[in-house]
Structure formats: C-alpha cells, structure tokens
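Coordinate-derived values only; no laboratory data. Predicted, not measured: the structure shown is a model, and the values here were computed from it. Cβ placement follows ideal geometry from the backbone for every residue including glycine, while neighbour counts extend to all protein chains displayed.
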Amino acid sequence: DPVYHFQQYLRIKTAHPDPDYPTAVSYLHELAKSIPNLQTRILNLHPHKPKPLLLITLPGSNPSLPSLLLNSHLDSVPAEPSKWLHPPFDAVKTDDGCIFARGAQDDKCIAIQYLEAIRNIFYKHPGFKPIRTVHICYVPDEEIGGLDGMAKFVESDEFKEMNVGFFLDEGQASTNDEYRVFYADRSPWNLVIKATGQPGHGSKMFDNSAMENLMKSVEVVSKFRENQFDLVKAGVARNSEVISANPVYLKAGIVADSSGDGKFVMNMQPSEAEAGYDVRLPPTVDPDLLKKRIADEWAPASRNMSFHIVEKGPLRDYAGRPLVTATNDSNPWWTVFKSAVEAAGGKLSKPEILASTTDARYMRVRGIPSLGFSPMKNTPILLHDHNEFLKDTIFLEGIKIYESIIKALSSFEGATP
Ligand SMILES: CSCC[C@H](NC=O)C(=O)O
Ligand SMILES: [Zn+2]
Ligand SMILES: [Zn+2]
C-alpha cells in the first residue's frame, strides 16, 4: 500500500542536524527491489561520513538518448515536537486521511510517488518498454546546501555517464485545484554587514559608535525590504520575483563572563557590531547592481561599515545565461511534461520562480532543463512549518500524475536540444 510506504518512510528520522541516511537509503532500496525492472546503486559521496546516495535506474531501449532524472532529497529540516499536534516522526494519519510528519511535503512524498508510479506502470502494462532511460536519485544534504550531496554527485563519473537530458525536482503545494510548476529558483546569498566605531562609557553620548553605525544600516536594509515587499503586497510581483533581504541574526556587545548565560556588560558601548541577512535574488537580477547598492548604501565605508557575501548558488550557467528553464514549445521536454500532466486530468498553473532554492541549480548551471514539481493540490503550504501534512487522497493522485509523466517522457523519441 503506497500510503503505508509513505508513512514508513516518514518515520525514518532524516531531519538535521543528525539525519539517518543509511536507514532511509536501505528502506528505499528495499522498496525499489519490490518493483520490476529497476536497477539500484548506492554511491558514497563522502569518504568518511555516512552520506549515501541511492540511484535507481529503469533502462530504456535506446540508451543513446538523453535520460530523464527524477530527484528527491533524503533530508529534512528539524521539527519542534512540542509545537506539533502529532509527533513529527510518527506519521499519524487522522480520520480524514491527513498524514502529519516532517517531510510529508518537503519532500518525502515525491520519493515514494516516483517508485509507486513505476510499480503501477508495470502492473497495468507488464510489457511497457521505456525508450529513454529513467533514473531516480535520492540525495543527502539538500537542506544544508548540497555540498556533500548533489554538488558531489554531478561531478561523479556515474552522473556523467547518465547523459541527463531533463531533470525533475521538488516543487511546492498549491492551495487550489491547479498544480504549481517552477522553472527557476532564486539564488541565495549569505550577507554579513559589519560596523566598527568609537567605543566608550555606557553613559556617554557620542557619534559614530559601532551600534549606531550598524543600526543605521539595518534601517536602510529594512526600507529596501519594505519597498520590495510592497510590490508583492500591491500584486505587482510575486514573492519569488523580488529580492528578499531578511535579517537572521544580530551580534554585538561585550560578554560579561564565560558562564555562557548570555549576560552582557551593560556600561560599555562596543567597538564592533554585525548583522546577518538571508538574501535571495531572482534569476534575472543583475548581481553587480545589488553589490553596488550594498557597498554604497547598506554598508558604506564612510560609516565604518564593511560587508561579506557568500554566494550559495550561481546566477548564471556556464554560458552566462540566467538559470531558467524554458516553459514554451522551444523546450520539447516542457511540452511533453505539460501534456502528460493534462492527460492524467491535472491542470498546471502559470510556471513560477521558486522563492527558495533547491538542488535543481546544480543541473541548470550545466544547461540541463529542470522543473520543480510536487503534485500537491488543495493543500496548505507547510514546508519547514509546524504540522506539515499531506492528505492521502492527494498523495495517491500524485502517483497517477507521475505515471503519466514517466510514461510520456520515457516514450518521447523526439529531438531534444
Ligand atoms: C544555500 S542552499 C539552501 C537550500 C535551502 N533549500 C530548502 O529550503 C534553502 O534555504 O532554500
Ligand atoms: Zn525540499
Ligand atoms: Zn526544505
């Protein structure tokens, strides 16, 4: 029973900071072995740490054609059990069919749906023969940037030999009857702005303290954020189409003692202060313009400010193009994908940019067309939230959608760029 398999998989604790990858991989491995025609491989992406990747292959009759790769990350973000209605790793199913668990939407649903879809294809059509090879990969560490996951996998000989032509990755739930599909991710920057300034007695009023310098910048960034957010609130742009700059930490002050109880010296004005921001850039933004704005307005040297950006993902591919996948007839994969969703009775809403970031960037940067898609309709968007759940009927409908997608894409013989 697919729903039972989903629940069993959700019960394996792959939440950070201590994800149990080996148990998850062996569960999926056993599940794959119960399905006809699937070959399996386990790659160890890290020489010392347990970071396995499970690769499943359904060989096509024409291995010279570029293959289809379906992806699901094995890991989840943490959960705070005390704030949940049901324990986040019990995968409780309520009377109305809602399965509550961390990972129910992000993204353990698709992990099981891919496999159950292939099982159904062979159950309904035992003689089905795919033309293109279909691969599924289950990768570690997406939630923490994928450096020991997808980033390593795409460098491997195994990946190169797969000759991937089209990549399907996770998307997000939709709250209406149409499925959402994502043709790009925003690219993340970790931005740290630092202020230095005049130290002094806590009782003294003077200009150019580090705190004052930092707080002026915090206000400037907040104003920028407000302007971007206003575009969203006014309906001019979607959340994922503007630049977000959200403060994630503030650090300053002189620690009073080493007891670690977080007490600060109260009568000293510190000489250093810093703030951290999660910045996300839509794919068509010019990164140099934003860097200039940061240098001129957010962290001006004239106010004793400096900044440091860690780019957690590329904005352009190797040919210098923005990391976007075409969702029109110029991309035959798109055309086949869309028809397959519709043939299964599904409707797609207008393709979107994903507000967050996925492992799809490792494909798009190599020029491999990639879509984000998790078939969850009429479902509240609860990724990374408390009480993440997915309803059994929605989950099962998603399997039907993937049956259609996998059949259509693996049977597609036409030319692909
Ligand atoms: C820096 S890559 C981090 C990837 C992560 N993905 C899901 O939430 C995200 O923060 O969007
Ligand atoms: Zn995810
Ligand atoms: Zn996530």
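As a check on your grasp of the helix formula, calculate [θ] at 222 nm for the chain: sum -39500 (n - 2.57) over DSSP H runs of n ≥ 4, divide by the residue count, round to the nearest 500. So the calculated ellipticity at 222 nm is -8500 deg cm²/dmol. Spin-label model, residue 11 to residue 92: label points 7 Å out along the Cα-to-beta-carbon direction sit 1.5 nm apart. Shown is the FRET efficiency for residue 296 and residue 381, computed with R0 = 30 Å from the Cβ-Cβ distance and rounded to the nearest 0.05: 0.25. Across every direction, the projection of the convex hull enclosing the Cα atoms of the chain has a mean area of 23.2 nm².
Please compare each pair in 216/251; 108/407; 223/251 to a cut-off of 18 Å on the Cα-Cα distance and tell me which ones are over it. List each step's numbers first, then the result.
Values: 216/251 15 Å; 108/407 22 Å; 223/251 20 Å.
Cα-Cα > 18 Å for 108/407; 223/251; rest within.
The angle separating the long axis of helix 108-124 from the principal Cα axis of greatest extent in the chain is about 10 degrees.
With a simple spin-label model that places each label point 7 Å from the Cα along the Cα-to-Cβ direction, the separation between residue 122 and residue 416 comes to 2.2 nm.
For segment 332-362, trypsin sites (Lys or Arg not before Pro) meeting the loop criterion (DSSP other than H, G, I, E, B) and having at most 15 other Cβ atoms within 10 Å: 347.
For the residue pairs 233/377; 152/194; 347/400; 129/377, the C-alpha atoms sit more than 22 angstrom apart in 233/377; 152/194; 129/377.
Note that segment 369-385 has calculated 3J(HN,Hα) couplings of x, 9, 10, x, 7, 10, x, 10, 10, 6, 9, x, 7, 10, 5, 6, 9 Hz, one per residue in order, obtained from phi through the Karplus relation 6.51 cos²θ - 1.76 cosθ + 1.60 (θ = phi - 60°); glycine and proline are x.
Cα convex hull, segment 33-125: 152 Å³ per residue, rounded to a whole number. All alpha carbon pair distances within segment 191-311 were sorted into 5 Å bins beginning at 0; the resulting P(r) in whole percents reads 2, 11, 18, 19, 16, 12, 9, 6, 4, 1, 0. Nearest 5 is fine: what % of DSSP beta bridges in the chain come out antiparallel, could you say? Of all bridge pairs located within the chain, approximately 70 percent are antiparallel.
Couplings 3J(HN,Hα) for segment 161-174, derived from phi with the Karplus relation 6.51 cos²θ - 1.76 cosθ + 1.60 (θ = phi - 60°), are 5, 6, 6, 6, x, 8, 10, 10, 10, 5, x, 9, 5, 10 Hz, where x marks Gly and Pro. Placing R0 at 35 angstrom, the Cβ-Cβ distance between residue 339 and residue 284 gives a FRET efficiency of 0.80 after rounding to 0.05.
Please find the FRET efficiency linking residue 129 to residue 256, where r is the Cβ-Cβ separation and R0 is fixed at 56 Å, and quote it to the nearest 0.05. Taking R0 as 56 Å, the efficiency between residue 129 and residue 256 is 0.20. When the alpha carbon gyration tensor of segment 179-234 is reduced to an equivalent ellipsoid, the three semi-axes, largest first, read 37, 14, 7 Å.
Here the Karplus curve 6.51 cos²θ - 1.76 cosθ + 1.60, taken at θ = phi - 60°, turns the phi angles of segment 254-269 into couplings of 10, 5, 6, 8, 8, 5, x, 8, x, 8, 10, 5, 9, 10, 10, 8 Hz, with x standing for Gly and Pro. Normalised by 2.2 N^0.38 Å, with N the number of residues, the alpha-carbon radius of gyration of segment 246-351 equals 1.80. Model label sites at residue 321 and residue 266, defined 7 Å from Cα along the beta-carbon direction, differ in position by 6.2 nm.
Taking every C-alpha pair closer than 8 Å and separated by at least 6 residues, the mean separation divided by the residue count of the chain gives a relative contact order of 24 percent.
Hey, what does the equivalent ellipsoid look like for segment 108-172, semi-axes from the Cα gyration tensor as sqrt of 5 times each eigenvalue, largest first, whole Å?
Taking √(5λ) for each eigenvalue gives 26, 17, 9 Å, largest first.
With N as its number of residues, segment 291-399 has a Cα radius of gyration that, divided by 2.2 N^0.38 Å, comes to 1.49. When +1 charges are put on Lys and Arg Cβ atoms and -1 charges on Asp and Glu Cβ atoms, the dipole computed for the chain relative to its Cα centre reaches about 580 debye. For the listed peptides 401-410, 227-236, a ranking on the average number of other beta carbons within 10 Å per residue, highest first, reads 401-410, 227-236. The order of the peptides 107-115, 274-282, 250-258 by mean Cβ neighbours within 10 Å, most packed first, is 107-115, 274-282, 250-258.
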